[in-house]
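Q: Okay, handing you the structure first.
All of the numbers you see were taken from the coordinates with simple rules; none came from a lab. Computed from a predicted model, the values in this text were never measured in an experiment. Using ideal geometry, Cβ is built from the backbone for each residue, glycine included, and neighbour counts are taken over all protein chains shown.
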Amino acid sequence: MNRWKDGIVAIKEGLIISPGYSFNDFKKTSFYNGQDGIRIIRIEGLIYIDNHKYLVDLFFLKGIIYRVSFVCCDREFTMECEEQRRELHNEILQQYGLNRENEYAWGKIISNYDAKGNVSSISFYYSRN
């Protein structure tokens, strides 16, 4: 069900994120447990997608999905080597036929490394159309 180039990601059964997905949609899933929709929402536990395991965060802006972030946990990295996780993320994007930065009408998918926070992720940013 994952159609990353279309901005569609099946995170788990019952939780499929796509352009225009709303916080009200999220509230109807079994993953909703009172989150307020203003702060970043971490999906509990590791999420398995296409033979990779991830930590997954959702961020809604004005009630509509703005960002979904994936941190692949297939390998462990020390804090000093967190930037190496970005290389793993780049490899995963290549498996989907994607580059490090991909722009679409619905938004973009990027592999990024935040040196200040020392975290690497694959992030889907949804346009506010």
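Q: Positive end of the charge dipole of the stretch 42-118 (Lys, Arg +1 and Asp, Glu -1 on Cβ, about the Cα centre): tell me which of TYR54, TRP106, CYS73 has its Cα farthest that way.
A: TRP106
Q: Still on this structure, please answer the following. Students often forget the sequence filter, so: which lysines lie under 29 Å Cα-Cα from LYS27 once same-chain residues fewer than 8 apart are removed?
A: LYS5, LYS12, LYS53, LYS62, LYS108
Q: Nearest 500 deg cm²/dmol is fine: what mean residue ellipticity at 222 nm does the chain get from its DSSP H runs of n ≥ 4 alone, each adding -39,500 (n - 2.57), divided by its residue count?
A: -4000 deg cm²/dmol
Q: Follow-up question, since we're still on this one. How big is the gap, in Å, between the Cα center of the stretch 53-71 and the Cα center of the stretch 1-42?
A: A separation of 8 Å, based on Cα centres.
Q: Follow-up. So, with +1 on the Cβ of K and R and -1 on the Cβ of D and E, and no other charges, what is the size of the charge dipole of the stretch 31-129 about its Cα centre, to the nearest 20 debye?
A: So the dipole magnitude of the stretch 31-129 works out to roughly 420 debye.
Q: Taking amide H positions as placed 1.01 Å from N in the peptide plane, with prolines and chain starts having none, which residues 5 or more places from LEU61, or on another chain, fall under 5 Å of its amide H?
A: The list, which skips near neighbours in sequence, is TYR66.
Q: Report, in degrees rounded to the nearest 10, the 0 to 90 angle that the Cα long axis of helix 82-95 makes with the longest principal axis of the chain.
A: Orientation of helix 82-95: about 70 degrees from the principal axis.
Q: Run through the stretch 41-129 and list the GluC sites (Glu not before Pro) located in a DSSP loop whose Cβ has at most 13 other Cβ atoms within 10 Å. Before the final figure, lay out each step's value.
A: Details: sites: GLU44, GLU76, GLU80, GLU82, GLU83, GLU87, GLU91, GLU101, GLU103; in loops: GLU44, GLU76.
Of the GluC sites (Glu not before Pro), the ones in loops of the stretch 41-129 whose Cβ has at most 13 other Cβ atoms within 10 Å are GLU44, GLU76.
Q: Right, next: What residues qualify as long-range amide H neighbours of LEU98, i.e. H under 5 Å apart, gap of 5 or more or another chain, H built at 1.01 Å from N?
A: The answer is none.
Q: Rounded to a whole number of µm²/s, how large is the Stokes-Einstein D of the chain at 37 °C and 0.692 mPa s, given Rh as the Kirkwood radius over C-alpha pairs?
A: My calculation gives 219 µm²/s for D.
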